[in-house]
Amino acid sequence: MSGSEKKQNPYPVPPPKPPRTFVSKPRTGVLQPNQEDKESENYDAVWPSKSNEELLKKIENLGVKDVIKSNRGETGHATGGQVKRKKSGGSVKDKIQQLEQKICDKKVRTIQTQAQERDMSTPTMTHTPVKGEVNRRPPIPKPRLNKRKSNEEQRIEQELKDEVYAEISDEEINKKSEYRYVAAIDIGTTYSGYAFSSREQFNSNPLDIFTPRWNDGLFLSLKTSTCALYNEKGEFDCFGYDADNKYYDMTLNDPDLVERCLKFTNFKMKLYDTKGSLEGLVLKADQGGTMPALIVFSDVILHLKNKIINDICQIKSDVIEDDVLWVLTVPAIWNDEARKFMIRASAKAGIHADDLVLCLEPEAAAVMCKELKVQNYIQTKSDSVLAFMLGTKFVVVDLGGGTVDITTNEVLPSGMIRELKCCRGSDCGGTYVDKCFWDFIRNVLDCNFETLSKSYRTEMHDLWRSFEIKKRQVDSQKSQYVMLQIPSIIASKMKSEKLSKYNVSLVRDKLKFPITLFQEFFSSSVSSILKCLREVVTDEIHSILLVGGYAGCKEIRQVIKQTYPSLRLVCPPESDLAVVKGAVIFGHNPAVISSRISKMWYGIQLTPEISPINKIYEGNFYSVTKKGQPIKIGEKVLHKFYIREKLKGGVLNLRQVSSSNDKMPVNVEEEINCLFSELRVPIPAHQDHMKRILNISIKFKGTEFVYSAFVTLKTCSPSRCVVKVT
């Protein structure tokens, strides 16, 4: 099917991809993670057919069932996940047509053979052809469709069906060799960025990764601010420092226009703070107004994606989007709903699910640090560096603007990394320090804080930038005071009596803080970080890796070093880029992550129509994975269920269940903290002397579980065909 013939799927499925220039990439009727089941009334997104009715009729006639895949569930990436491309080409519709053709060819060959045997066994008169006469065999009649099938024909047909079943159910996706570039996008709470490298660069030097430099108007930065600006028409205008500078220019030159524009910052935290379903989530702009969260996230991803493509095209002009594997970083403490939301946002931005990998931020940082140590060992041959790598256990602390992710890992002798414990963390990142600082400013003002912020947006933004720089540089061991530059208009609104209460003085255009007061801004955040560290740091831990923008604060590093003096504290250079660079390396080599720990219970809600085979259960929850269970990346488990006769055929709706409770759920309707997603499976009609077996395959593919369902038909004798289940 050509690209022009492909019909566009409804939102949130992205438009069709352009044809590949170097590798043909067959498409199959697989339900991708960015597709919502309820968005479509038919199954064209699942089955490549014209109508569902024709499909179900074909199922009943042929007894052939496709594998239906739904990338829903945990971890969870694919998304960081190991994603592969289909090795075998052709859709299921093509396989069914091939099956029909094979059956027809078998019948023709069988009839030809029978005709030859009859010709050999039946006495005939010898005929000597005259010169010029062609010795022709009588034409073979076409097989009659209504002819009763012989046992041999039924056996051949069943073998062909089993062959199709095996071919479909064992299909794998292999992307590794098809992508010329791997690009990672890191949308942070406060700062965002991206990085990419080609396959050739990775093979020669894994650390040869391109990262842009961003200009905020004063100096160059490793990342840009996470700020999205929409114009008065509600259209996406710009992102990053460009959005910051344009917005504050408008506050000086056109204040009326500012009121009609929307500026969004710190919106990533909404995915962590919101519990339950994120469908319909609305973001509130900084100065009022709202926008659907899916639109804001997808616009930001699309903006960064286009910048990456432009940067790559300056190096290789023949590169298209289909040549790039996209890696999207997500916090490890996010739940399934937040990760699936990012998959939908990426789909709306035009990134197909089979071109997308989700990568957990602390794991990406661990991969980056590990690669740095490999390079250092090659250059220095230091045994201490090598000892840090192989067979050691370490803790990764990803200090971001909004969240802090803490994971415990071990480097195996093979060089792969495995997770040892469930991740820890909370919303105690760098923005928590900002909040404490703004509380102080609010307490010393002689006017209303909100009114001042609205009247002097530019000055308040300059004050925030000054504090952002100062909180990274403060060092209690070098000075007993901190000098913070403050705009004069803000300083004039402060009461000297309130400042003196905190032992803070105003010296010209600077606020002079005692170091003890400045440290109090960090106290709540540091306490939460140390509490999480106490849960994971044991005697077996050798090192602590600090990464992320918040790791640039000297105060944080000093406190952690004082708390754990016997451990090696490592903060790589350009710690802001450790996550996004590690995500690029992970995209090139996803096998570097060996296993993870399941954060939740995962399973299926049983219905009266199905019953597990060879497994005892209580209630209606069928467990697939236990909470805290180690899960090997790429591991695939098959679960089989009897389909009871009461289900005559049609579609079976299965609910995938994930629960964060410590104990295994029993009856999911009565449990709290349960999330559901639906998997729809077309079921062939019940036939006498046939058993219908529902096969549910669960594969841990990166950061999520991929559920695949298909039905097999098994012939049984009348005396053994009845399946008794209670």
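Data overview
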| read-out | value |
| --- | --- |
| Every residue from the range 214-236 that is among the hydrophobic types (A, V, I, L, M, F, W, C), over 24 Å from D256 (Cα atoms) and assigned to a strand (DSSP E or B) | W214, L220 |
| The listed residue being of a type outside the set (K, R) and within 23 Å of the chain's Cα centre (by Cα), out of D186, D256 | D186 |
| Test: L577 is within 29 Å of R557 (Cα to Cα) and either crowded, with 23+ Cβ neighbours inside 10 Å or not aromatic (F, W, Y) (or both) | yes |
| Failed criterion for G548 (all others in (1) farther than 27 Å from G193 by Cα; (2) open to solvent by less than 50 Å² (accessible area, probe 1.4 Å); (3) touching a strand residue (DSSP E or B) at 6+ places or on another chain (Cβ under 7 Å) hold) | (1) |
| Odd one out for G430, checked against (1) over 28 Å from the mean Cα position of the chain (by Cα); (2) at pLDDT 85 or above; (3) buried (at least 16 other Cβ atoms within 10 Å of the Cβ) | (1) |
| Single residue of the range 301-322 satisfying the filter (of a type in the set (V, I, T) and in contact with a Phe, Trp or Tyr (Cβ under 7 Å, 6 or more places away or on another chain)) that is surrounded by the fewest Cβ atoms within 10 Å (Cβ to Cβ) | V319 |
| Unmet requirement for L328, which otherwise passes all of (1) out of contact with any helix residue (DSSP H, G or I) (no Cβ under 7 Å at 6 or more places or on another chain); (2) surrounded by 16 or more Cβ atoms within 10 Å (Cβ to Cβ) | (1) |
| Residue among T329, T265, T290 that alone is in contact with a Ser or Thr (Cβ under 9 Å, 6 or more places away or on another chain) and of a type in the set (S, T, N, Q) | T265 |
| Every residue from the range 684-695 that is crowded, with 22+ Cβ neighbours inside 10 Å and among the aliphatic types (A, V, I, L, M) | L694 |
| Count of the range 197-213 residues which are within 15 Å of A578 (Cα to Cα), hydrophobic (A, V, I, L, M, F, W, C) and not in a loop (DSSP other than H, G, I, E, B) | 1 |
| Filter pass, K275 being open to solvent by 60 Å² or more (accessible area, probe 1.4 Å), more than 30 Å from Y179 (Cα to Cα) and in contact with an Asp or Glu (Cβ under 9 Å, 6 or more places away or on another chain) | yes |
| Filtered residue count, the range 374-408, keeping only those that are of a type in the set (K, R) and at pLDDT 70 or above | 1 |
| Residue identified as open to solvent by less than 60 Å² (accessible area, probe 1.4 Å) and either closer than 21 Å to W464 by Cβ or among the hydrophobic types (A, V, I, L, M, F, W, C) (or both) among L207, L252, L218 | L207 |
| Selection from the range 239-296 of residues that are in a helix (DSSP H, G or I) and of a type in the set (F, W, Y) | Y241, Y247, Y248, F267, Y272 |
| Output for the range 590-618, where each listed residue is assigned to a loop (DSSP other than H, G, I, E, B) and buried (at least 17 other Cβ atoms within 10 Å of the Cβ) | S598, K599, M600, L606, E609 |
| Single residue of the range 551-569 satisfying the filter (open to solvent by 20 Å² or more (accessible area, probe 1.4 Å) and among the β-branched types (V, I, T)) that is farthest from E520 (Cα to Cα) | T563 |
| Among residues of the range 667-677, those that are touching a strand residue (DSSP E or B) at 6+ places or on another chain (Cβ under 9 Å) and either open to solvent by less than 20 Å² (accessible area, probe 1.4 Å) or farther than 10 Å from Q605 by Cα (or both), counted | 7 |
| Every residue from the range 304-352 that is over 28 Å from C423 (Cβ atoms), part of a helix (DSSP H, G or I) and basic (K, R) | K307 |
| Residue that is modelled with pLDDT of 80 or more, open to solvent by 50 Å² or more (accessible area, probe 1.4 Å) and part of a strand (DSSP E or B), where the choices are K646, K699, K640 | K640 |
| Tally, over the range 221-249, of residues that are hydroxyl-bearing (S, T, Y), touching a Lys or Arg at 6+ places or on another chain (Cβ under 9 Å), within 24 Å of I469 (Cα to Cα) and open to solvent by less than 20 Å² (accessible area, probe 1.4 Å) | 2 |
| Of the criteria (1) modelled with pLDDT of 95 or more; (2) aromatic (F, W, Y); (3) open to solvent by 20 Å² or more (accessible area, probe 1.4 Å), which one Y194 fails | (3) |
| Residue selected from the range 251-265 under the condition in contact with a helix residue (DSSP H, G or I) (Cβ under 8 Å, 6 or more places away or on another chain) and at pLDDT 90 or above, by the criterion farthest from H461 (Cα to Cα) | C261 |
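So that you can scan it fast, the table gives a plain yes or no per residue for (1) modelled with pLDDT of 90 or more; (2) in contact with a Cys (Cβ under 8 Å, 6 or more places away or on another chain):
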| site | (1), (2) |
| --- | --- |
| M494 | yes, no |
| L506 | no, no |
| D509 | no, no |
| P514 | yes, no |
| S528 | yes, yes |
| E540 | no, no |
| S543 | no, no |
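The values are calculated or read from the model by the stated rules, or taken from the named source; none is laboratory data. If you're wondering where the values come from, they're calculated on a predicted model, not measured in any experiment. Note that each Cβ is placed from the backbone with ideal geometry, even for glycine, and that neighbours are counted across all protein chains shown. With ligands, DNA and RNA removed, areas are computed over all heavy atoms of the protein, side chains included. Shrake-Rupley method; radii C 1.70, N 1.55, O 1.52, S 1.80 Å.
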